[in-house]
Amino acid sequence: MTDFLDSYAWIIWLGLILLFVVIEMFTLEFTFLMIAIGSLGGLIAGVFGAPWYIQIVVAAVLSLLLLLTLRPPLLRLLKRGGDPSRSNVDALLGLEGLVVDQVTATGGQVKLANGDTWTARVSPLTEARDLRRGERVLVTAIDGATAVVVPAERTTEYTEHKEGTL
């Protein structure tokens with residue numbers, strides 16, 4: 001068995017490297033890439049005539065070193081260029097809008113500042129009242145395809161503008 005492992009370990013290493021690279025393509029976390037590079041170290045040790053158990057030690061130590069030293073800076077570098085702007089449902093939270101169709105605890109419609117018209121309902125955390133057409137609201141949550149809204153506080157600037165003093 002030892003002769004078999006010494007003779008054909010390179011095939012096992014190539015298979016493991018291929019497997020780890022394929023798994024890395026699905027996970028994209030650099031973990032399996034570091035293990036694949038460690039396995040490459042085991043393959044190289046085998047090429048230089050190291051017995052199979054030394055190849056495993058070389059692969060394990062190299063993988064561990066890469067995981068602890070190279071992976072963290074690579075992850076920071078990868079995440080540094082990310083887009084900080086919110087998207088999807090997160091972008092709707094805190095957005096203002098106007099009531100298009102009276103909003104109650106069970107339904108209604110609002111037109112949000114981004115131009116979208118949403119089915120809406122009054123948040124259960126606010127006073128129990130209906131919101132009339134033209135009233136300003138603020139999105140506090142999204143529940144499925146329904147915006148959960150609360151009445152927006154009128155600022156002095158908004159009130160003065162609406163009354164024509166600005």
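Brief remarks follow.
- Selection within the range 11-56: residues that are farther than 28 Å from Leu74 by Cα and loosely packed, with under 15 Cβ neighbours inside 10 Å. The member of this set that is nearest to the chain's Cα centre (by Cα) is Ile11.
- Verdict on Leu62 being surrounded by 13 or more Cβ atoms within 10 Å (Cβ to Cβ), within 25 Å of the chain's Cα centre (by Cα), assigned by TED's automatic domain parsing to the domain that holds Met34 and modelled with pLDDT of 90 or more: no
- Among (1) at pLDDT 90 or above; (2) surrounded by 13 or more Cβ atoms within 10 Å (Cβ to Cβ) - the single one Pro72 does not satisfy: (2)
- Within the range 80-92, one or more residues are of a type outside the set (Gly, Ala, Ser) and farther than 30 Å from Val149 by Cβ.
- Residue list for the range 84-142, filter: hydroxyl-bearing (Ser, Thr, Tyr) and under 19 Å from Glu153 (Cβ atoms): Ser123, Thr126, Thr140
- Residue in the range 141-148 that is of a type in the set (S, T, N, Q) and at pLDDT below 90 present: no
The values are calculated or read from the model by the stated rules, or taken from the named source; none is laboratory data. All figures in this text were calculated on a predicted structure; none of them were measured in a lab. Because the Cβ atoms are built from the backbone with ideal geometry, glycine has one as well, and the counts that use them run over all protein chains shown.
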